[in-house]
Every structure is written in structure tokens, then in C-alpha cells.
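Quick notes on the structure that follows.
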Amino acid sequence: MVSAAMQSKKLRILVVPFFATSHILPMTDLAFHLAAVRPDDVEVVVAVTPANAPIVQSALARREPSHASVEVATYAFPKVDGLPPGVENMSTVTVANSPLLEAAATDEALIRPAQESLIRESSPDAIVSDLHFFRWNAGIAAELGIPCVLFNVVGIFSTLATWRLALSGIVKDTPPASSVTVPQLPGPEISLPVTELSEFLRNPPEFSKDAGAYFMMLLKSSGFISNTFYDLEHEYCESYAESGYMKRTYCVGPLSLPLPPPARAGTGRSACLDWLDTKPAHSVVYLCFGSLTNFSDVQLNELALGLEASGVPFLWVVRVKTWEPPVGWEDRVGDRGMVVMGWAPQTDILQHPALGAFVTQCGWNSILETIAVGVPVLTWPMVYEQFITERFVTHVLQIGERLWPEGAGRRSTRSAEHEVIPAKEIAQSVAKFMEHGGAAEAARRRVKELSPKAHAAMAEGGTSNRDLHQLIDDFIAAKASAAGTTTS
């Protein structure tokens with residue numbers, strides 16, 4: 001049987017994202033851009049499990065009609081005792097099933113066989129695999145003699161800070177109640193409480209166990225793709241490149257650009273956009289905490305009461321569909337606030353002129369989206385590297401402020417250590433940030449300066465566009481080299 005790669009003269013790239021929507025969407029965007037910038041040279045396949053295929057298909061459908069060649073291939077998710085069939089995404093799993101899915105999704109013995117079978121059957125010329133998971137794909141690619149480049153779903157700043165801390169060893173000697181300063185980091189000094197660091201930094205045995213495998217993956221890979229743009233993180237991009245962590249770094253973002261045009265009235269438009277139409281410019285606070293954040297009912301109640309007391313118009317996306325607001329809250333808030341349960345059209349919302357600020361958990365995709373449209377932020381990080389990203393937003397870019405004030409309660413990457421932030425503190429933070437002549441206006445001026453730079457990076461000839469072309473050229477060169485080796 002002749003393989004798909006042998007039948008096609010095009011460069012065939014296989015993209016393998018992790019089982020989370022926050023990973024699948026930017027990697028699908030990457031697949032689209034790789035195929036779109038060189039449609040005569042490139043075809044891309046996004047490999048996911050069956051339950052995740054609709055996410056890829058929906059993301060591709062939102063793109064303008066294009067001659068870019070992007071396919072979707074599926075491989076089986078393993079059967080896991082206690083995990084219901086079809087539960088394959090960290091962004092939609094219930095809290096009860098989350099530990100089971102996370103353990104399965106990161107288990108090489110469970111996941112690798114199906115992925116390796118698909119890789120060998122599809123015979124790609126190159127692989128793009130998730131940096132944070134699926135490290136074994138770099139080894140498979142090395143066995144096949146093809147390049148494997150790793151995709152990073154967070155920014156260079158957060159990645160650099162994390163590895164400076166990891167390699168310095170200072171965290172293990174720091175008391176849990178103390179803070180650490182990131183060593184050898186350009187720009188302003190960045191300090192974080194130990195409680196706000198990722199688990200593998202806080203748990204030395206966990207780091208020791210992962211470090212060897214992680215660095216072996218880096219050595220076997222051909223480079224590193226980051227969803228960022230040079231003008232946003234130039235000091236940190238240069239420092240990362242000089243660190244020698246990776247052979248080559250490609251900055252190719254924001255991959256969500258170009259943003260689709262906002263939906264117009266009468267075209268199946270969301271009711272929340274019609275509601276925004278009734279509000280003055282820059283008056284509404286939009287709250288959305290991403291697909292991996294889980295608030296307790298107690299915290300949701302405090303947030304509801306805080307928004308009520310702030311007096312500021314708000315649009316709030318709540319993922320906990322079983323939550324009900326405090327008695328009488330909806331009547332008291334009236335038309336000043338709107339709650340959306342589940343999903344909301346975030347890109348349309350962020351582009352709406354009524355938006356005054358975005359309350360975000362500091363997920364990197366959301367930060368890039370708000371920069372692309374020029375909306376300031378209030379930060380409320382919850383997990384992983386989000387606390388480090390917050391420092392980039394508030395200390396380096398200065399395009400927003402913490403919503404969770406110093407002293408209002410302990411923050412932690414461990415949900416059990418989070419303290420509830422009271423309604424009074426939330427109300428004061430939101431009202432002060434949004435007041436006329438307040439911090440939101442200064443932050444908006446700064447983020448508005450970054451927005452055109454983001455678009456310029458993705459335009460033809462921009463820094464990110466050039467790196468996309470360079471990535472393809474490097475893959476083509478590797479393919480030619482392998483072919484020459486085979487025939488000689």
C-alpha cells in the first residue's frame with residue numbers, strides 16, 4: 001500500500017494536540033496557517049481522539065473559505081476504568097472525572113500505542129506535538145528520521161521564568177510561606193509566592209522525575225513553536241534563544257488572527273451581543289475564566305454579590321451550569337448585568353465597543369485575544385503558569401491590574417489552598433478600575449499600542465509570518481535531506 005505522503009508531492013505535517021480545548025484550538029489555528037501561507041507546498045493533518053474531532057472541525061469552519069488543505073484524523077482513546085466513554089477532553093470533564101482523565105491522558109503506556117500507530121500509518125514528513133504532553137512523539141519522529149517540533153501553548157515569558165526557577169533549584173530551599181525571585185530574567189524583577197508556582201516546581205521529587213524525560217524530549221526535537229509575536233516578548237524571546245534550551249524557536253502568533261468579523265444582527269447572533277449593543281462604549285466588564293477553571297459555589301456567590309455592589313455593567317460567563325445566584329440577585333441587578341451559562345462567543349464579545357475590561361484567569365489564548373483587540377484586563381489566575389503570566393500582564397506590559405488585591409486572601413495553584421475572595425474586595429477592585437480617569441483608561445492606551453503590532457506580525461512579511469515560512473522551509477529541507485540520504 002502506498003502511503004499518503006508518497007502519493008502527495010506536498011509536505012505533509014501531522015499536528016498532535018493535547019486533550020484540552022485550550023490546546024486543540026491554537027494548534028488547529030497553527031495547522032490552518034501552515035497550510036494557508038503555502039497552499040501549493042503544504043498539507044496538514046490534525047490528529048485527535050473522536051470526541052475532540054468536532055472541536056477541530058468547528059474551528060476550521062470558522063475560518064474564511066480557503067484553499068488551505070487541513071484534514072482531521074482520529075485515533076482511539078483508551079478505555080479507562082471509571083471513566084465514561086466519550087470523556088476525552090480536560091476542558092469539558094466533570095470535576096469528579098478530572099483526575100481519571102488527567103492520569104490517563106498523560107500515561108505513555110495508554111496513549112502512545114494509538115498515536116504511534118497513526119503516525120506510522122500516515123507517514124508524515126514532519127510532526128508538531130504538544131510541548132507539555134506527548135513527549136514520546138519526539139522519540140517516534142527520531143526513529144522515523146523525520147523532524148518533530150514542539151508547540152508551546154503559553155508565552156515565552158512564562159516558559160522562560162519557569163525554567164529559570166526550575167534549573168536554579170531555589171524553590172526547594174524556600175519555605176512554603178515565602179516568595180522567590182526569578183533569576184536571570186530580563187526586564188523588571190519578578191517575585192512570586194511559592195504557593196503560586198506550578199506543582200512540579202513546588203514538589204522537588206516531581207521535578208526530578210520529569211526533568212530527565214523533558215530534557216531528552218528537547219534534545220530529540222527539532223525546535224519549539226510559540227504562539228506569540230516578537231514585538232510582544234522580544235527581550236524574553238532573545239533570552240530564551242540564548243539559553244540554549246531549544247535548537248530553534250519559531251514565534252508564529254497570535255494564531256487566532258485574523259479574527260472573524262463580528263456576527264451581525266439577524267444572523268443567529270448571540271443574545272449577549274444584542275445586550276452589549278444597549279451599553280455605552282467601554283462601560284462593560286466581561287468575565288470569563290477559561291475552560292479549566294472551577295470555582296466553588298461559595299466563591300461564585302461572593303463574585304455575584306461583588307459585581308452587584310460594584311455598580312458596573314457586566315457580562316459574566318459561568319461554566320458551572322448547576323449554580324444558582326443568591327436569592328433576589330437577578331432582580332436587584334436587572335438589566336445592568338447578564339449571565340451566560342456555558343459558552344459565549346468570546347472573540348465577538350471582545351471586539352464589541354461596549355467592552356471596558358476583561359476579567360481573565362490569564363490563560364495565554366485569552367491574553368493574546370485581548371491584546372489583538374486592545375481591551376485592558378483585570379487578572380484572577382487560578383492554575384498552572386497563569387500566576388506568572390499575570391506578572392507579565394501587570395508588571396511588564398502594564399495593560400491591567402490584579403482583581404484579587406494583596407491581602408484579600410491566599411492564592412494558590414492548588415485549589416484546596418485557595419481562600420475565598422470576599423464580595424467587598426471584588427466590588428472595590430472592579431469599581432476603582434472602571435471609574436472615569438482610572439486605571440482602565442491608562443491600561444487601554446497601552447494595550448491599544450500593542451494591538452496593531454499583533455496584526456502586523458501575522459500579516460505578509462511580518463515577524464510571525466516569516467517564522468511560519470521558515471518553519472515550512474526547514475521541514476522541506478529536512479525532507480530533502482532524508483530523501484538524499486535514502487537514495488545515496
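Computed from the coordinates by the stated procedures, all read-outs in this text should not be read as laboratory data. Everything numeric here is computed off the predicted structure, so don't read it as measured data. Ideal geometry is used to build each Cβ from the backbone, glycine not excepted, and the neighbour counts take in all protein chains shown.
Under the combined filter of DSSP loop state and at most 15 neighbouring Cβ atoms within 10 Å, the stretch 432-480 retains these GluC sites (Glu not before Pro): 435, 460.
Here the label points at residue 445 and residue 398, each 7 Å from Cα along the C-beta direction, are separated by 1.0 nm in the simple model.
Between residue 97 and residue 179, the contour length at 0.36 nm per residue exceeds the Cα-Cα span by 26.2 nm. Extending 7 Å from Cα along the Cβ direction at residue 41 and again at residue 107 yields two label points whose distance is 4.2 nm. Working note: 222 nm ellipticity from helices only, DSSP H runs with n ≥ 4, each -39,500 (n - 2.57), summed and divided by the residues of the chain, gives -13500 deg cm²/dmol to the nearest 500. With 32 Å as the limit on Cα-Cα distance, the pairs of 10/247; 10/79; 279/448; 9/247; 432/453 that go past it are 10/79. Checking every one of the trypsin sites (Lys or Arg not before Pro) in the stretch 280-361 against DSSP loop status and a limit of 12 other Cβ atoms within 10 Å picks out 321. Between residue 66 and residue 142, the simple label model (points 7 Å from Cα in the Cβ direction) yields a spacing of 3.3 nm. Between residue 343 and residue 453, the FRET efficiency estimated from the beta carbon spacing at R0 = 22 angstrom works out to 0.15.
The relative contact order of the stretch 271-453, computed from alpha carbon pairs under 8 Å that lie at least 6 residues apart in sequence, is 25 percent.
Extension gain, residue 270 to residue 191, is 24.3 nm, computed as 0.36 nm per intervening residue step minus the present C-alpha separation. Counting only residues at least eight positions apart within a chain, or on another chain, the aspartates and glutamates with an alpha carbon under 14 Å from that of residue 424 are 302, 308, 406. For the chain, the longest principal axis of the alpha carbon atoms and the long axis of helix 230-243 meet at an angle near 50°. By the Kirkwood approach, averaging reciprocal distances over each pair of separate Cα atoms, the stretch 271-453 gets a hydrodynamic radius of 16.3 Å.
The alpha-carbon of residue 172 sits under 17 angstrom from the alpha-carbons of these aspartates and glutamates, leaving out residues fewer than 8 places away in its chain: 196, 199, 206, 210. Computed over neighbours whose Cβ is under 12 Å from that of residue 356, the net charge equals 0, Lys and Arg +1, Asp and Glu -1.
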